[in-house]
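First up is the structure itself, then whatever we jot down about it.
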Amino acid sequence: MTIQPGFVGCDISKDHLDIFDDAFGKPERIANEAAALAPLIDRWKNKDRLVLFEATGPYDACLRARLKIIVEWFQRLVIHRICKNHRGSNGLDRNHSGAA
């Protein structure tokens, strides 16, 4: 995975986090628990980093709580997936009104 300098990408699941941090030089997988996050959070302290992750309900709660300790902001993304079988005949999501 390629990620821009200064950005950290986190793929979150119930059991683990896949971290993509250009400063570390390689992807890493850690347990999704406070003890495993502590060294990672220490590494990010006082660094100019933007941590990006998809909103995953309760699974991102531990990461959010730890990030709030060291940074004033981070970006929690809400991704809307549109599956082919959920599109109408016009190719748009069936819930889309068509208004601009």
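Since every read-out is calculated from the coordinates, none of them should be taken as a lab result. Computed from a prediction, not measured in an experiment: that's the story for all the values here. Every residue, glycine as well, gets a Cβ built from its backbone with ideal geometry; the counts of neighbours run over all protein chains shown.
Things worth noting here:
- Qualifying positions in the range 37-67 - in contact with a Cys (Cβ under 9 Å, 6 or more places away or on another chain) and either farther than 20 Å from Gln4 by Cα or aromatic (Phe, Trp, Tyr) (or both): Leu37, Phe53, Asp60, Leu63
- Qualifying strands (runs of 3 or more DSSP E) (wholly inside the range 1-70; at least 1 residues being small (Gly, Ala, Ser), without any contact (Cβ under 8 Å) to a residue 24 or more places away in the chain and touching a strand residue (DSSP E or B) at 6+ places or on another chain (Cβ under 9 Å)): 28-31
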